[in-house]
Amino acid sequence: AVLKRLRPLLAQDGVLVASITQIRSAPVLHHLLIEGRWDYFRHGTMPFEGPQSNVLAWNHLRFFTQRSIGQMFAECGYTVERWEASKFTPPPPGSAQERFENDLAFLVTVHGGDAEGFKAGSHVIRWSVVAKPDWQAAPLP
């Protein structure tokens with residue numbers, strides 16, 4: 001709704017810049033799949049440290065992957081012109097976290113997905129996007 005309301009306010013050559021956390025990250029998946037938890041947290045009470053800790057913040061109303069971010073912008077009449085990934089450091093070689101990520105990548109492959117793409121994307125915690133209104137698109141309701 002906000003993206004739709006902003007579109008007519010942008011100048012002809014205007015852009016919208018957004019920073020959106022991604023739910024498809026290895027620490028969040030570990031928390032869900034291994035620990036069986038999907039909890040919202042307030043700042044300073046996260047179960048894991050680092051930049052990924054704000055994904056399950058109590059004030060996040062929706063969750064996104066890169067694909068769903070792109071789809072949301074397209075549905076709201078924008079073209080994403082640039083993507084920039086904020087990543088956290090991959091786990092140390094041989095660590096339990098690395099084994100977990102490799103096991104997930106194997107499952108992705110078994111089910112017809114792209115394991116390398118999954119592994120690369122699972123280290124992205126936030127996508128920054130630069131989007132332009134698609135003035136050729138039909139007016140939005």
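Listed values, structure above:
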read-out: Nitroxide proxy distance, nm - points 7 Å out along Cα→Cβ at T65 and V2; value: 2.3
read-out: Net length gained if the chain between A96 and L10 were fully extended (0.36 nm per residue, minus Cα distance); value: 26.2 nm
read-out: Packing rank of 114-124, 22-32, where each peptide gets the mean count of other beta carbons within 10 Å, highest leading; value: 22-32, 114-124
read-out: Highest-first arrangement of 76-88, 5-17, where packing means the average Cβ count within 10 Å; value: 76-88, 5-17
read-out: 16 Å Cα-Cα reach of K87 towards aspartates and glutamates, excluding residues that sit fewer than 8 places from it in its own chain; value: E49, E98, E101, E116
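We did not get these values from a lab; they are worked out from the coordinates using the rules stated. Since the model is a prediction, treat every value here as computed from it, not as a measurement. Glycine also receives a Cβ, built like all others from the backbone with ideal geometry; neighbour counts cover every protein chain displayed.
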